[in-house]
Amino acid sequence: MNKQLTVRRAFVASGQVQGVGFRPFVYRLAAEGELTGTVGNTSEGVRMEVQGAPEEVLRFGQRLRAELPPLARLTSVTEDDLPPLPGEEAFRIVASSGHAGHSVLVSPDMGMCADCLADMRDPANPRYEYPFTNCTNCGPRYTITRSIPYDRAVTSMSCFPLCQRCAAEYANPADRRFHAQPVACPQCGPRLWFVDAAAADRHSTAPTPENQHDALEKAVRAILDGGILALKGLGGFQLACDARNPQSLRELRRRKSRPHKPLALMVRDMPSARALCLLAPEHEALLQCPEKPIVLCPRRRPDDKADAANGKGDAAYLPPEVAPDTSSVGLMLPYTPLHAVLFERLAKRMAERKGLPPVLVMTSANAGGEPICLGNREALVRLDGLADAWLLHDRDILVRVDDSVATLQPRLPAPGVGAAQAPGQLAEPLFYRRARGYVPRPVFLPESEADAPCVMGTGAELKATACLTRGREAFVGQHIGDLENPATLAFYEEVAAHLEALLEVRPAALVCDAHPDFLSTRYAEARAARDGLPLWRLQHHAAHAASVLAENGHYGPALALCLDGTGLGDDGTVWGGELLFMKLARPQWRRLGRLAPFALPGGDAAVRQPWRIALALRAQCASREPPTSWPAPWLPEQQPAATAIEEMLRRNLNCPLTSSCGRLFDAVAAQLGLCLATSYEGQAAIRLEDAAGRASAPLRAALEGRAMDSATARLIWPVGLARHDGLLQLDSAGLFAQVAEAQARGTNAQDAAALFHLSLALALAAMAGRAARELGIAEVGLTGGVMQNATLARLLPLALAQQGLCALTHHELPPGDGGLSLGQAVWGGRMLAAARA
């Protein structure tokens, strides 16, 4: 090479660039440009030095940014000119180097790619039906990684030496398994074996020739015979059974003490998904994306006319035990090779029996309130009595990660645009649970936070997560569950410790919930005392507001509608339907409005028995002289209990006040006879939303964001808005009275539920609009667990747009308590900045 025509340049790429095929990608770019040099993983990311013709070095830098591998994400690329190295003749991948502190983004686990699935379906391929097939574009990452830089030696694959064939693929730049760290095959990789609950040696965790033989076929037979299989998945164990077998479903529910909560389903492929559900293109895109989440999809009915015409009626059949409270189902595709090969075997057996395509329940393998099982020995002990058989393997899971759950939220309208101009269009995911496939992907904060110290947000009690910041990156850990026992607290501490170790950060401050009895609060107190760290307590709904504003990079003045279940308020009452003002940059917040408070007779007991809340609101409406024809929100056999509750209300005994929007939903559901008692969180609201979706056609159209005709618009109930004790206040009891009065007039529960959703959305937007005009603010964050109601998530942005306001919504985190730790961590960072100023 002519020295006069040679230049050398160093590039350092930061972001999600390790474990995603980035070095092989760089190698190919260099080869195509006839460049020499090196590429290697470092603590800063991936360092590249390329040498060659100036135009090819320039082109390399352009292609580096424009032609990324499917799973790679760049946060920055730096460049420096270097003196050329004489005599360099090749481009090489060099050994990784690292030091304390790094800026690498660890890749989440990714679902199996189409190429690997094709390998597994090819009888001539060495990986035919091999349940641990992967390449640089798919497979385990986060759940098998101990530390950074990302290399096989720091993963749980380190105990599986590569065979000659795999080593050749690993070293071949032209192969898609080039430097794929989890690469394996039947000769050198993990093994699969089957354990029957009836076997004498069922507590043995060791693979043997006997239990390895026909392990997959035995697992298939167990499912087809109506059994419940414990399957070692990607981030923990799952319980699987035939979703079309009502007896299996009832037994699974009995064993898990889960009488009503919907069960997630897995299907073999998209034709099977289409047979079960009415899928929009956005549903299909989300189901097939590399993250492979559980997607909430509208279920087909076997008697749908379209199904009958297409001959799909039978294939659409699902027993009501799958999801008794809703007409939607949580659906996912196989995301590991083990899932895929299990479905291949099931489909073959079903075809031999001339049965329907297989559909499996695929749910977390744990008893209620416990973390998912991680290891083989743990699963054999903890799932004894839950599972009939186990399908085990010897690739260790280092990090527990449950499945992610999402639905679709509408594209947001521009301010001032009404429903007629901007009908709801499904666009991006709305998370219920963020875990596998998305963690530990960070939320990026503004550039101003680049040098900020690490802060830990410790989350709340329900749907707990922890958040750690690293400069302008905020890492919200995986869904943990409800912190109600030592087991989930241990899981919480496990996640926090692993994130700190993986990111190589230590918090300089902590922020916790204001509730003193949350286990996350106690963790923060103990940690702050042990490490001598500052600790701030941030009110629950202020943390929600900070979360949605931080996620949208909005640090200036804004409003936030925080619509939630319960959170301890600064005044000692239970909040949950709040309008807040917040300025994150300062940081400061204050309460501007609320739903008018009402009583919770019996406190937490009212959450489990929503008819108590309905009774309290009826009593509050007494001054309105409610008609005696209002149907009672209790069963005749509950009359003695209702009499006792009425006495509690008269004497104000154990009747704490709440402004909770979630509890208002519960009361309306009870009044309409949809849910008098709950067996899981959100059940009453889910039934209420499902009922609204079955309202008359004009109301359904309005719920979907389409323009209302004048007759429908006249049906909307007015909701009083007044100022009380310095706060704007919506008349909760008045809205409840409208529901009961409509019911007394003969309005069916479906139409009443729809009118409640529509009237509440317009009233909330009116309250926000009044405050926004008074303060000169145009942005309103929408957050809190109630915003997981897809109907309200569709209606509120439209109603705010009609007020000339811009809605800021969650798009990377759940609006419920699973996203709250981000707001805490960002608040703590701003408090530290204010202290330094």
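The values are calculated or read from the model by the stated rules, or taken from the named source; none is laboratory data. Everything quoted here is computed from the prediction, not taken from an experiment. Counting neighbours? That spans all protein chains shown, and the Cβs are built from the backbone with ideal geometry, glycine included. We work out accessible area using only protein heavy atoms, side chains counted, and drop any ligands, DNA or RNA first. Shrake-Rupley method; radii C 1.70, N 1.55, O 1.52, S 1.80 Å.
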Handout entry: Those residues of segment 392-428 which are part of a strand (DSSP E or B) and either in contact with a Phe, Trp or Tyr (Cβ under 8 Å, 6 or more places away or on another chain) or modelled with pLDDT of 95 or more (or both), in sequence order
Key = Leu392, His393, Val405, Ala406, Thr407
Exercise for the section: For segment 89-107, state whether one or more residues are out of contact with any Phe, Trp or Tyr (no Cβ under 8 Å at 6 or more places or on another chain), closer than 27 Å to Gly471 by Cα and buried (at least 21 other Cβ atoms within 10 Å of the Cβ). Expected result: yes
Fill in the blank from the handout: Matching residues in segment 203-236 (modelled with pLDDT under 90 and among the aliphatic types (A, V, I, L, M)) number 1
Exercise for the section: For segment 511-518, indicate whether the set of residues that are among the charged types (D, E, K, R), within 18 Å of Val455 (Cα to Cα) and open to solvent by 10 Å² or more (accessible area, probe 1.4 Å) is non-empty. Expected result: no
Exercise for the section: Inspect segment 716-737 for any residue being under 33 Å from the mean Cα position of the chain (by Cα) and within 21 Å of Asp690 (Cα to Cα) and give the result as yes or no. Expected result: yes
Fill in the blank from the handout: Per the list (1) modelled with pLDDT of 95 or more; (2) open to solvent by less than 10 Å² (accessible area, probe 1.4 Å), residue check on Leu380 breaks on (1)
Practice task
Provide a single number: the residues in segment 284-302 that are over 23 Å from Leu234 (Cα atoms) and either open to solvent by less than 20 Å² (accessible area, probe 1.4 Å) or not in a loop (DSSP other than H, G, I, E, B) (or both).
Solution key: 3
Fill in the blank from the handout: Selection from segment 775-799 of residues part of a helix (DSSP H, G or I), in contact with a Gly (Cβ under 8 Å, 6 or more places away or on another chain) and over 16 Å from Met708 (Cα atoms) yields Gly785, Val786, Met787, Gln788
Practice task
Return yes or no: is Val154 within 30 Å of the chain's Cα centre (by Cα) and free of Cβ contacts under 8 Å to residues at least 24 places away in the same chain?
Solution key: yes
Exercise for the section: Tell me which residues, restricted to segment 128-154, are in contact with a Cys (Cβ under 7 Å, 6 or more places away or on another chain) and either crowded, with 24+ Cβ neighbours inside 10 Å or part of a strand (DSSP E or B) (or both). Expected result: Thr133, Asn134, Cys135, Cys138
Fill in the blank from the handout: Listed by first then second residue, the pairs whose first member lies in segment 802-814 and is open to solvent by 50 Å² or more (accessible area, probe 1.4 Å), whose partner is assigned to a loop (DSSP other than H, G, I, E, B), with beta carbons under 7 Å and at least 6 positions apart or on separate chains, are Gln802/Gly418
Exercise for the section: For segment 252-268, name all the residues that are out of contact with any Gly (no Cβ under 8 Å at 6 or more places or on another chain) and either at pLDDT below 95 or open to solvent by 40 Å² or more (accessible area, probe 1.4 Å) (or both). Expected result: Arg254, Pro259, His260, Lys261, Arg268
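The rows are residues; the columns are (1) modelled with pLDDT under 95; (2) assigned to a loop (DSSP other than H, G, I, E, B); (3) among the polar types (S, T, N, Q); (4) in contact with a Lys or Arg (Cβ under 6 Å, 6 or more places away or on another chain).
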{"site": "Trp575", "(1), (2), (3), (4)": "no, no, no, no"}
{"site": "Arg586", "(1), (2), (3), (4)": "yes, yes, no, no"}
{"site": "Gly593", "(1), (2), (3), (4)": "no, no, no, no"}
{"site": "Glu646", "(1), (2), (3), (4)": "yes, no, no, no"}
Handout entry: Answer from Gly236, Gly189 - the residue that is at positive phi and open to solvent by less than 50 Å² (accessible area, probe 1.4 Å)
Key = Gly236
Fill in the blank from the handout: Contact list, first residue from segment 19-48 and closer than 19 Å to Ile148 by Cβ and modelled with pLDDT of 95 or more, second anywhere and open to solvent by less than 10 Å² (accessible area, probe 1.4 Å) and among the basic types (Lys, Arg), beta-carbon distance below 9 Å, six or more apart or interchain, is none
Handout entry: Leu649 vs. criteria open to solvent by less than 60 Å² (accessible area, probe 1.4 Å) and either closer than 19 Å to Gln750 by Cα or under 24 Å from the mean Cα position of the chain (by Cα) (or both)
Key = no
Handout entry: Residues within segment 601-636 that are in a loop (DSSP other than H, G, I, E, B) and either open to solvent by 10 Å² or more (accessible area, probe 1.4 Å) or at pLDDT below 95 (or both), tallied
Key = 14
Exercise for the section: For segment 547-559, indicate whether the set of residues that are surrounded by fewer than 24 Cβ atoms within 10 Å (Cβ to Cβ), within 19 Å of Ala514 (Cα to Cα) and not hydrophobic (A, V, I, L, M, F, W, C) is non-empty. Expected result: no
Practice task
Go through segment 353-401 and give me each residue that's under 25 Å from Pro246 (Cα atoms) and under 20 Å from the mean Cα position of the chain (by Cα).
Solution key: Val361, Met362, Thr363, Ser364, Ala365, Asn366, Gly368, Gly369, Ile372
Practice task
Taking the options Ala550, Ala616, name whichever one is out of contact with any Pro (no Cβ under 8 Å at 6 or more places or on another chain) and on the phi < 0 side of the Ramachandran plot.
Solution key: Ala550
Exercise for the section: Select from segment 673-700 the residues that are surrounded by fewer than 18 Cβ atoms within 10 Å (Cβ to Cβ) and outside any loop (DSSP other than H, G, I, E, B) and list them in ascending order. Expected result: Ala697, Pro698, Arg700
Completion exercise
Within segment 7-41, the count of residues that are open to solvent by 20 Å² or more (accessible area, probe 1.4 Å) and touching a strand residue (DSSP E or B) at 6+ places or on another chain (Cβ under 9 Å) comes to 7
Exercise for the section: Report the residue count in segment 708-739 for those that are modelled with pLDDT under 95 and outside any loop (DSSP other than H, G, I, E, B). Expected result: 5
